[in-house]
1. Identify the residue in region 191-221 that is among the charged types (D, E, K, R) and either at pLDDT 95 or above or part of a loop (DSSP other than H, G, I, E, B) (or both) and, among all such residues, is farthest from Y68 (Cα to Cα).
2. Would you check which residues across region 69-85 are in contact with a Phe, Trp or Tyr (Cβ under 8 Å, 6 or more places away or on another chain) and of a type outside the set (G, A, S) and list them?
3. Just to be sure before I move on: is D180 out of contact with any Asp or Glu (no Cβ under 6 Å at 6 or more places or on another chain) and at pLDDT 95 or above in the structure I sent?
4. Name the residues in region 44-55 that are surrounded by 15 or more Cβ atoms within 10 Å (Cβ to Cβ) and either over 17 Å from the mean Cα position of the chain (by Cα) or not small (G, A, S) (or both), would you?
5. Is region 112-132 home to any residue that is assigned to a strand (DSSP E or B), within 16 Å of the ligand (Cβ to nearest atom), small (G, A, S) and modelled with pLDDT under 95?
6. Applying the selection to region 91-111, what residues are within 15 Å of the ligand (Cβ to nearest atom) and in contact with a helix residue (DSSP H, G or I) (Cβ under 7 Å, 6 or more places away or on another chain)?
7. Can you tell me which residues in region 142-199 are in contact with a strand residue (DSSP E or B) (Cβ under 7 Å, 6 or more places away or on another chain) and β-branched (V, I, T)?
8. Is there a residue being closer than 22 Å to W50 by Cα and either more than 15 Å from the chain's Cα centre (by Cα) or in a loop (DSSP other than H, G, I, E, B) (or both) anywhere in region 170-190?
Amino acid sequence: MGMYAMDPKKTTKGKKGNISKTEQWLEDYAHQLFANWAERIQGKDSDYEWISDQITELHKNLNRTAIYKFGLKEVMNSEVPADGWRWTSILQNDEMHAGFLDLAPGATIPFHDHPESIDAMLVLDGKVEVRSYSPSHDVVAIGKQAAHLKPVNYQRLEKQDTSIILPDTGNIHGLRCLGDRAILLDVQVYQRPNVERRWYFPLGAANNDPGHVIAAAVPESLLRSAIGCQTEQ
Ligand SMILES: [Fe+2]
């Protein structure tokens with residue numbers, strides 16, 4: 001949690017009177033996504049473009065608020081994350097989780113999913129590589145501890161570029177910082193809070209499908225208890 005982060009337990013519902021402008025812009029963004037949810041999660045090019053426009057606009061609006069500007073400056077002026085990457089929360093409630101994602105040179109974030117979420121990332125500084133996957137139907141045959149991942153997208157992003165993941169398309173992604181440190185705005189909007197994420201660790205290629213990967217699938221709670229890994233993002 002960043003120093004300026006708001007209380008993550010606090011929900012802003014019913015408190016429109018005194019919430020900050022930063023929260024207001026973030027909530028407006030989430031509500032815009034909810035209002036268009038069904039038609040924007042189908043994976044069409046126009047869906048990705050529309051969500052990209054929304055997060056780009058969100059950043060422009062947020063960047064006019066003192067809380068956001070100060071928070072971003074703090075992240076940019078901070079030490080490079082010693083553990084490879086760092087999540088600094090801006091707002092977390094029953095509908096969304098927004099924050100800055102900060103990656104050290106060469107750092108990777110292992111594959112993980114964002115169940116039932118629309119996750120949008122906007123690169124604010126640096127360059128980053130994003131690979132996204134969908135679990136293929138074979139996941140049932142393999143069982144709960146492993147997944148067969150089908151590649152959906154490979155992106156090399158620079159400043160102002162976006163990466164979008166949808167609930168049923170490319171919901172699993174992993175990141176790698178290319179070159180210097182990278183800083184991203186990451187906003188996850190979900191219909192149901194606290195759905196547990198899973199982390200995916202590649203075991204090898206799937207023999208018959210080029211680009212497909214077989215991965216061990218580990219629930220976040222298990223990962224936390226096993227290695228005390230930083231999994232805030
Ligand atoms: Fe993620």
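The values are calculated or read from the model by the stated rules, or taken from the named source; none is laboratory data. From a predicted model like this one, the values you see are computed outputs, not experimental measurements. Because the Cβ atoms are built from the backbone with ideal geometry, glycine has one as well, and the counts that use them run over all protein chains shown.
1. So the first thing to find is which residues in region 191-221 are among the charged types (D, E, K, R), and the list is 192, 196-198, 209, 220.
Narrowing the set further to residues that are either at pLDDT 95 or above or part of a loop (DSSP other than H, G, I, E, B) (or both) leaves 192, 196-197, 209.
Working: R192: 26, E196: 28, R197: 27, D209: 44 Å.
Going through the qualifying residues, I end up with D209.
2. Initially, region 69-85 is screened for residues in contact with a Phe, Trp or Tyr (Cβ under 8 Å, 6 or more places away or on another chain), giving 70-72, 74-75.
The answer is F70, L72, E74, V75.
3. Numbers: out of contact with any Asp or Glu (no Cβ under 6 Å at 6 or more places or on another chain): yes; at pLDDT 95 or above: no.
For D180, the condition - out of contact with any Asp or Glu (no Cβ under 6 Å at 6 or more places or on another chain) and at pLDDT 95 or above - is not met.
4. The first filter runs over region 44-55 and keeps only residues surrounded by 15 or more Cβ atoms within 10 Å (Cβ to Cβ), leaving 47-48, 50-52, 54-55.
Hits for region 44-55 are D47, Y48, W50, I51, Q54, I55.
5. No.
6. In the first step, residues of region 91-111 are kept if they are within 15 Å of the ligand (Cβ to nearest atom); the result is 92, 96-103, 107-111.
Within region 91-111, M96, A98, F100, D102 meet the criteria.
7. I142, V152, T162, I164, I165, T169, I172, I183, V187, V189
8. There is at least one residue in region 170-190 that is closer than 22 Å to W50 by Cα and either more than 15 Å from the chain's Cα centre (by Cα) or in a loop (DSSP other than H, G, I, E, B) (or both).
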